[in-house]
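Read-outs throughout are calculated quantities, based only on the coordinates presented, and are distinct from any laboratory measurement. Computed from a predicted structure; not experimentally measured. Every residue, glycine among them, receives a Cβ derived from its backbone with ideal geometry; neighbour counts consider all protein chains shown.
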Amino acid sequence: MARTNRKVKKRRPSFGLPTGVILMAGRGGVGINGWRTGVITGNGTLCGGLGDVPSDVALEEAQRAAAEMVQGLARDYHGREVVVVWDPPSEPGSWTATVVPAAAEPESEPESDPGP
């Protein structure tokens, strides 16, 4: 009989919290077409693409999709919220962004009763 009450050890992600993003248009190898990404972390770079984003979409939409992907990685694997800030373009076909932890929202103080 198989045991079903085994404790599952939560595995740490093999990559650090994202610190930057590189977005590239129309580059890649054989069979790779469209928007490519590089997610920079404290211990390496994760390379991939924006599979659900067609290669002919506007830059702003590709940047939004890349930012959402990085925010999802940070949230799902590190339990952290991050903000993606796009840098001014420096070369054609390639854009970079800085990823910073989101500011923690201040806890609201309980409303005091002004009394009589």
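Side notes on the structure shown:
- Built amide H within the under 5 Å cut-off of residue 49, gap 5+: 37
- Note on residue 64/residue 33: beta-carbon distance plugged into 1/(1 + (r/R0)^6) with R0 of 25 Å gives a FRET efficiency of 0.80.
- Sorted peptide list for 94-100, 45-51, criterion being average Cβ within 10 angstrom, highest first: 94-100, 45-51
- Where labels lie 7 Å past Cα in the beta-carbon direction, separation of residue 57 and residue 85 in nm: 2.5 nm
- Amide H contacts of residue 81 (H built 1.01 Å from N, under 5 Å, at least 5 apart or other chain): 102
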